[in-house]
1. Can you bin the range 33-98 into rounded, prolate or oblate? Criterion: square roots of the alpha carbon gyration tensor eigenvalues sorted a ≥ b ≥ c, rounded for a/c under 1.5, prolate for a/b above b/c, oblate for the rest.
2. Which part of the range 129-154 falls in the paramagnetic zone of residue 119, meaning amide N under 19 Å from the point 7 Å along Cα-to-beta-carbon?
3. Between the range 179-194 and the range 29-61, what is the separation of their alpha carbon centroids in Å?
4. When a footprinting reagent is the concern and you count Cβ atoms within 10 Å, what order do 239, 153, 131 take, fewest first?
5. So if I average 1/r over every pair of distinct C-alpha atoms in the range 32-157 and take the inverse, what Kirkwood radius in Å does that give?
6. Which angle from 0 to 90°, rounded to the nearest 10, does the C-alpha axis of helix 165-175 make with the longest principal axis of the chain?
7. Take the Cβ-Cβ distance between residue 104 and residue 13 as r, set R0 to 41 Å, and report the resulting FRET efficiency rounded to the nearest 0.05.
8. Compute the distance in nm between two label points, each set 7 Å from the Cα along the Cα-to-Cβ direction, one at residue 249 and one at residue 268.
């Protein structure tokens, strides 16, 4: 649901100020810091896809897991993937564990990415093969791209109702370019991106009245993105990093007195009664 017209300019000014506060390389610990190390776009898209796929759980644990996979791939992840052979190159990854993801899952993903790169030349061109400029958003392109990954956890599909958080996070990293997101892709516009929906985005989205949906999933992600698009039609997802990390850093208390006092978005927040409902809801379908 778009922000009410009377609140539009005031909310945009507040979110723009928040964006400016967070738009720096080291404002928060985040796996994007690992992705930004890679100057070559072909290397970056490989690392970004794996890092986004592992982006759940404690941030420190996520960072350690991404570093472990990068160590196996070596200085040129693109070359590693291009030449990847599961039997020959998969052994160092077999002991890998990140929550419920195992080494065999990473091996499967690398083999899938290898097939994409060999067929299309890059992950970007593979993804763009399913994109049409007439599409309202990237749902059809994500659906077509995910179909190439089979039943892998790394390849969620909008048609399942999933918010596709990790896929949308990967796309944000590769399409947008600012001090946080390194970008590199040119075949997909930032205007078609969707918010990578997670617990933090859900809570802040409800606090700011960006959605009235109760159930997390693809429709809620599209709802929140549509509201943000009214504030910035060309780059609605630019606000994602700052909104998410505002919550992660504890600056928004979702009704807790101390947190509310610290929150720069407090004047735009829903009444406190809404926070209890938010806390009772489960994590987003991802």
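1. oblate
2. 129-132, 139-154
3. The range 179-194 and the range 29-61 have Cα centres separated by 15 Å.
4. 153, 131, 239
5. When all Cα pairs of the range 32-157 are included, the Kirkwood radius is 15.0 Å.
6. With both axes taken from Cα atoms, the answer is about 80 degrees.
7. Using R0 = 41 Å, I get an efficiency of 0.25.
8. 1.6
A short reminder: the numbers here are calculations on the coordinates, not readings from a lab. The structure presented is a predicted model; accordingly, all values stated were derived computationally and were not measured. Quick reminder, even Gly has a Cβ in these numbers, built from the backbone with ideal geometry, and neighbours come from all protein chains shown.
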